[in-house]
1. Please compute the contact order of the chain in relative form: average sequence separation of alpha-carbon pairs under 8 Å and at least six residues apart, divided by the residue count, as a percent.
2. Could you state the angle between the C-alpha long axis of helix 24-35 and the longest principal axis of the C-alpha atoms of the chain, as a value from 0 to 90 degrees rounded to the nearest 10?
3. Between helix 65-78 and the chain, what is the angle of the helix's C-alpha long axis to the longest principal axis, kept within 0 to 90° and rounded to the nearest 10?
4. When a/c reaches 1.5 or more, the comparison of a/b and b/c decides; with that in mind, is region 35-76 rounded, prolate or oblate per its Cα gyration tensor?
5. When the accessible area of the chain is split by element with a 1.4 Å probe, what percent falls to carbon and sulfur?
6. Counting only helical runs of four or more DSSP H residues, what would the 222 nm mean residue ellipticity of the chain come to if each run contributes -39,500 (n - 2.57) and the total is spread over all its residues?
7. Tell me the per residue accessible area of region 21-137 using a 1.4 Å probe; a whole number in Å² is fine.
8. For LYS22, give me every one of the aspartates and glutamates with a C-alpha distance below 13 angstrom, ignoring sequence neighbours fewer than eight places off in its own chain.
Amino acid sequence: MGEIDDAIERADREGFTREPPKTLPARINYLLRQLGSAKAVAAELGVTADSVNRYRRGARKHPPQEIAARIDAAVRSRWQPVVRRRRRRQAASTGGITVETRARFGYTAPVGTTDDGRFRRLTVQLPAAYAHRLFDARDAGAGDQELRRIIAEGFKDIYFRDGGTRADELSDVAINDIDYLDLEF
C-alpha cells in the first residue's frame with residue numbers, strides 16, 4: 001500500500017461509530033462470521049485452520065506479532081462497511097475531502113517564473129469531484145502515483161490557481177517527497 005492508501009484507511013478508521021473487537025477470540029469469531037469457515041480465515045491470515053481454532057478457543061492467546069497485525073488488519077478492513085460507504089458517498093457527492101500534507105511540490109510554470117520544487121505544508125479542502133475521482137481510482141486498483149496525480153490536480157486547481165483567479169499559465173503540479181499526508185472526510 002502507498003502513502004495515499006494508508007491515509008484513506010486512517011480516515012476510514014476515524015469514522016468508526018463503534019470500536020472493533022479487542023480480544024483475540026472475539027476478533028477470530030468476527031472473522032469466522034464474516035468469512036464463513038476456519039479454513040477461509042486461515043487462508044486470509046496465512047496460518048493453519050488449527051491455529052485459527054486454537055485462537056478462537058483461547059488455547060493460544062498470544063500469536064506472533066506479524067500474525068496479530070494481520071488479524072487486526074483483517075478485522076478493521078471489514079468493520080462497519082455501511083458506515084464507511086456512507087462517509088465516502090457523502091464526501092464524493094457533497095462534502096469533499098480535506099488533505100493536510102507536508103510535501104515537496106514541483107510544477108511547470110512559464111518562462112521567467114520559478115518552478116523550483118519546495119516543501120510546503122498545506123491544508124486544502126478539495127471539492128467532492130476530487131474525492132469521487134480519488135475513491136473511484138482507488139477502488140479500481142490505481143497505484144500510489146495515480147492517486148498522487150489526482151490530489152496534485154486538486155491542489156493545482158484549488159490552491160495554486162485559487163479556483164481560476166490566478167496562475168492561469170501553471171500547467172502541471174506534482175507531489176514528490178511526502179513528509180506526511182492526512183485525509184479527512
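1. So the answer I get is 26 percent.
2. Once rounded, the angle reads 80 degrees.
3. Here the helix axis deviates by roughly 70 degrees.
4. Numbers: a/c = 1.60, a/b = 1.01, b/c = 1.57.
In terms of gyration-tensor shape, oblate.
5. Whole-percent figure for carbon plus sulfur exposure: 47.
6. Numbers: 8 runs with 89 residues, N = 185.
The helix-only estimate for the chain comes to -14500 deg cm²/dmol at 222 nm.
7. Heavy-atom accessible area per residue stands at 56 Å².
8. Filter leaves ASP72.
The values are calculated or read from the model by the stated rules, or taken from the named source; none is laboratory data. If you're wondering where the values come from, they're calculated on a predicted model, not measured in any experiment. Keep in mind that these areas ignore ligands, DNA and RNA; they rest on the heavy atoms of the full protein, side chains included. Shrake-Rupley method; radii C 1.70, N 1.55, O 1.52, S 1.80 Å.
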